[in-house]
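Beneath this line is the structure, given in structure tokens, with notes to follow.
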Amino acid sequence: MNAIGVDVGGTKIAAGVVTPEGEILDEVRYPTPHSPRKLVENIARAIMEVGEGHEAGGVCLGVPGLILARENKVAYSPNLHAVEGIPLKDELEPKIKLPLTIENDGNAAAWGEFRFGVGSEADHLVFVTLGTGIGGGVVSHGVLMRGAQGSGGELGHVTIHATGPRCACGNHGCLEALASGTAVGRRARELAVENPDSALGRLASRRQVLGEDVTDLARQGDEAALSVLEETGRWLGIGLAGFVNIFNPEVVAVGGGVMEAGDLILDAARKEVLLRARPPSRDLAEVKVATLGARSGVLGAAALARDEPSGEYLLDG
Ligand SMILES: [Zn+2]
């Protein structure tokens, strides 16, 4: 049976009808409104529009933030406050007339990569996505790890530098504060000031430097831009080394917009994993670029709607 996966992001809502084999039959996108009532309206509209003319057994919503699975709602979402506290299942099911579950967006994307992407040959996968923030998820023994309340797998908010920069979550020195796209931009602006004669410094004197500028300049060989990405990779690797020690994964997949930089970041991360993680885990874990791109959220959510249609283990637990 087909299922509908929805990826609710900070700027857009993507919904897709997905076959059991992971083929997207239809997809729609709507803007993400930042008022609770309009947000629910647009999610419902996206689901109904994409589902038209298709048979689907259920829907799973991948949403940013900390999930309270038993209540089917989001407790806290720093990048999308409008979604906080809405009883999403109660609000949406009468409109869409399909069973609905919710999942953290990072967990949904991890499940997508596990079922259809870079982790499809593995039983143990750690996935992180480097975007504006850092999301992630862990699959162990083929099971998505969610913790007692459904809010586990927040890999971006592991502290890796006690006195590091402040994170969007309020803590200091989270992985997200040091290796996200936001962190790349901040560090690039700092290094531009320290190296005014570099290509990075010259660009920064004309306009605001963005994450993608850093990758472009690094590819052209600019030392300052290269060191921004290498530093980012080192911080990422410190985080990943911890995950390798804890979870002993076969694959560590890294996705998100920042991965446009590919090995310019990952080579430094791999070095750090080899230095810091313990054998035999460190020798098994392959650090790879995720393969599904922006579709991992929709594919993973749809697969979760099918694999765990009622979220039973949580509701009965
Ligand atoms: Zn944080």
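Below is a table of values for the structure above.
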read-out	value
Nearest-10 value in Å² for the accessible area of Tyr76, using the 1.4 Å probe	80 Å²
Antiparallel bridges, percent of DSSP beta bridges restricted to the chain (to nearest 5)	60 percent
Cα pair distances in segment 151-227, grouped into 10 Å bins until the bin that holds the longest one, percent each	20, 42, 27, 9, 1
Kyte-Doolittle at least -0.5, axis length at least 15 Å by Cα - qualifying DSSP helices, the chain	36-51, 105-116, 181-194, 223-247, 263-276, 296-307
Segment 173-310 - accessible surface per residue (Å², probe 1.4 Å)	44 Å²
Members of Lys38/Lys89; Lys12/Lys95; Lys38/Lys95 lying beyond 18 Å, as alpha-carbon distances in this model show	Lys12/Lys95
Percentage relative contact order, the chain, counting C-alpha pairs under 8 Å, at least six apart	21 percent
Gyration tensor verdict on segment 1-136 (Cα atoms; rounded if a/c is under 1.5, prolate if a/b is larger than b/c, oblate otherwise)	oblate
Within the accessible area of the chain (1.4 Å probe), percent carbon and sulfur	51 percent
Peptides 62-72, 271-281, 41-51 ordered by average Cβ neighbours within 10 Å, highest first	62-72, 41-51, 271-281
Heavy-atom accessible area order for Met1, Met259, Met145, largest first, 1.4 Å probe	Met1, Met145, Met259
Size of the chain as Cα extents on the principal axes (Å, biggest first)	60, 47, 34
Within-13-Å neighbourhood charge of Val138 [Cβ basis; K, R +1; D, E -1]	-3
Å² per residue, accessible surface of segment 1-52 at 1.4 Å	46 Å²
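The values are calculated or read from the model by the stated rules, or taken from the named source; none is laboratory data. A quick note: this is a predicted structure, and the numbers were derived from the prediction, not measured. Here Cβ is always computed from backbone atoms with ideal geometry, including for glycine, and neighbour counts include all displayed protein chains. Heavy atoms of the whole protein, side chains included, go into the accessibility calculation; ligands, DNA and RNA do not. Shrake-Rupley method; radii C 1.70, N 1.55, O 1.52, S 1.80 Å.
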